[in-house]
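In what follows, a structure is listed as structure tokens, so that the remarks can point back to it.
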Amino acid sequence: TYEETEGVLFSCDAFGGFRALDGGLFDEEVDLSEYEDEALRYFANIVGMYTHNVLKAIEKLQGLEIRTIAPSHGLIWRRDPGRIVDLYRRWSRMEGEKGVTVVFGSMYGFTLRMAEAVARGVASVGVPVRLVDAARVHPSYVLLEVWKRRGLIVGAPTYDAGIFPPVELALRLLERKRLRNRVVGLFGSFGWGGGALKAMEELAKRNGWELVRTLPFRGSPSAEELRDGEELGREVAERVVRGA
Ligand SMILES: Cc1cc2nc3c(=O)[nH]c(=O)nc-3n(C[C@H](O)[C@H](O)[C@H](O)COP(=O)(O)O)c2cc1C
């Protein structure tokens, strides 16, 4: 709903965000650097599947003099209403920042060890990286971190011939939200027949993600395999920087 006399857009779910506002109500009253991540977590989890509609809605706003945006969740934007529109436009395009999110899960610590090597590889070429343990972080935060960056490297051990469940949940959510435009690497430990990597590869393909390569290893990673993990991190990071 657009209220013409004061230029207020009541946008319902669009332009909303999570988080209690510590007494604040308007955008000039809160720490925006903290709030914007919570707006992205809301976007990825609540609006993520409807990015097409968001872009269409933003188009409809052209020509309106909007002085305030009052969504039904989160902050009211009156100092800079254009800011949240810009953010929603960028998030809807799913381009992601030039950085890499490493999402992993690990039962005994083998895939964790490789995750650290992979993240080291990303950092070594000066690209921002965030390591997220899907078994310990709420899935809504995993989605936030993955939505934020163009690079995505996923590590999961094989569990009953498939993907370790906490990582599988995160990947299924990303598939449901139809996240696109990711440059991807995959790794993971297995005990005998494996299976997690193949399942993740298929999921990456279904999502239209650009797969750089996969790195499976048995049990605890060797020094050589860890070096290869660093190399995987570098390859994905360089692809993100070149291509984004
Ligand atoms: C419940 C459970 C199920 C497993 N299922 C498989 C399996 O189907 N195929 C396989 O190759 N390894 C399987 N494994 C072995 C793990 O993939 C292997 O121990 C791996 O090195 C664990 O890596 P992590 O320390 O990163 O969790 C299973 C392990 C557990 C605990």
Looking for whichever is part of a helix (DSSP H, G or I) and either out of contact with any Pro (no Cβ under 6 Å at 6 or more places or on another chain) or of a type outside the set (Ser, Thr, Tyr) (or both) here; the options are 215, 203. Which one fits?
-> 203
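Condition check ((1) touching a residue at least 24 places away in the same chain (Cβ under 8 Å); (2) crowded, with 18+ Cβ neighbours inside 10 Å; (3) of a type in the set (Lys, Arg)) across all residues:
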position: 3; (1), (2), (3): no, no, no
position: 8; (1), (2), (3): yes, yes, no
position: 14; (1), (2), (3): yes, yes, no
position: 18; (1), (2), (3): yes, yes, no
position: 23; (1), (2), (3): no, no, no
position: 28; (1), (2), (3): yes, no, no
position: 61; (1), (2), (3): yes, no, no
position: 65; (1), (2), (3): yes, no, no
position: 69; (1), (2), (3): yes, yes, no
Only one of 109, 151, 82 is more than 16 Å from the chain's Cα centre (by Cα) and in the same structural domain as residue 231 (by TED's automatic domain parsing); which?
-> 109
Going through segment 1-40 one residue at a time, which ones are among the aromatic types (Phe, Trp, Tyr) and not in a loop (DSSP other than H, G, I, E, B)?
-> 2, 10, 26, 35
Could you tell me whether any residue of segment 100-117 is modelled with pLDDT of 95 or more and more than 16 Å from the ligand (Cβ to nearest atom)?
-> yes
Hits in segment 149-181 (condition: part of a strand (DSSP E or B) and farther than 19 Å from residue 130 by Cβ) = 158, 159, 162, 163
Considering 116, 145, 168, which residue is within 22 Å of residue 51 (Cβ to Cβ) and either of a type in the set (Asp, Glu) or free of Cβ contacts under 8 Å to residues at least 12 places away in the same chain (or both)?
-> 145
Scanning segment 218-232 residue by residue, those of a type outside the set (A, V, I, L, M), within 21 Å of residue 158 (Cβ to Cβ) and outside any strand (DSSP E or B) turn out to be 219, 220, 221, 222, 224, 225, 228, 229
Scope segment 118-175; condition polar (S, T, N, Q) and within 14 Å of the ligand (Cβ to nearest atom); matching residues | 158
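The values are calculated or read from the model by the stated rules, or taken from the named source; none is laboratory data. Just so it is clear, the structure is predicted and the values come from calculations on it, not from any experiment. Cβ sites come from the backbone with ideal geometry, for glycine too, and all protein chains shown count toward neighbours.
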